[in-house]
Amino acid sequence: MEKKILFGTLGGFVAGNVIAAAIFMGLMGGMLEKWMADNAACVHEMSMTGGLLGSLVLSLFIAILLHKFGVSTIKSGAIAGAWITFLMVLWYGIWNATTFTAYTWSWLPYDLIGNTVTGAIAGGVIGWIYGKVK
């Protein structure tokens with residue numbers, strides 16, 4: 001695998017996890033705890049290993065896309081990362097809201113905003129790395 005993609009994946013993974021933790025555990029931590037309590041019957045205790053593995057796969061996916069798009073700046077990476085994440089989370093949120101009672105329409109805007117910001121920052125880091133690594 002190309003060195004750029006490996007470094008981009010790792011950079012996006014670290015940046016994405018730090019920002020997502022700040023948003024979802026920090027800023028929206030109370031809302032998330034209430035949601036988990038309200039839906040305790042269908043919520044498992046989160047596996048840190050599973051969450052990190054999923055984040056790594058998502059970071060690899062975004063790193064490959066940004067490489068294919070020819071991204072090499074923070075700005076272009078942030079814009080592409082935001083769009084990719086926004087569209088993915090919008091699809092997933094609509095699907096969840098129409099399929100599961102635990103995921104309500106009222107949660108979708110928070111999910112979209114939090115994940116789009118996370119994707120933009122991770123994409124910006126990946127773009128910056130792609131501009132530096134030859």
Answer in debye to the nearest 20: the dipole magnitude of the stretch 1-112 about its Cα centre, from +1 Lys/Arg and -1 Asp/Glu charges placed on Cβ, is 460
Helix 3-20 sits off the longest principal axis of the Cα atoms of the chain, rounded to the nearest 10 on a 0 to 90 degree scale, by 30
Residues F100, F24, F69 in order from fewest to most other beta-carbon atoms within 10 Å are F100, F69, F24
With Cα springs under 10 Å, the Gaussian network model of the chain assigns the largest mean-square fluctuation among N96, N115, N17 to N96
Once both label points are put 7 Å beyond Cα along the C-beta direction, the Y92-K3 separation in nm becomes 3.2
Output row, site F69, 7 Å Cα→C-beta label point, backbone N cut-off 17 Å, window the stretch 79-112, residues 79-91
Plugging the Cβ-Cβ distance of M36 and W83 into 1/(1 + (r/R0)^6) at R0 = 30 Å yields, to the nearest 0.05, a FRET efficiency of 0.50
Across 5 Å bins beginning at 0, the whole-percent shares of Cα-Cα pair distances in the chain come to 2, 11, 18, 21, 19, 12, 8, 5, 2, 0
Semi-axes (Å, rounded, descending) of the ellipsoid equivalent to the stretch 44-85 per its C-alpha gyration tensor are 26, 10, 7
From the Cα centre of the stretch 89-134 to that of the stretch 13-50, the distance in Å is 14
Diffusion coefficient in µm²/s returned for the stretch 72-120 by Stokes-Einstein, Kirkwood Rh over C-alpha pairs, 10 °C and 1.306 mPa s, is 143
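Since every read-out is calculated from the coordinates, none of them should be taken as a lab result. This is a predicted model, so every value here is computed, not measured. In this analysis, Cβ positions are derived from the backbone assuming ideal geometry, glycine residues included, and neighbour counts consider all displayed protein chains.
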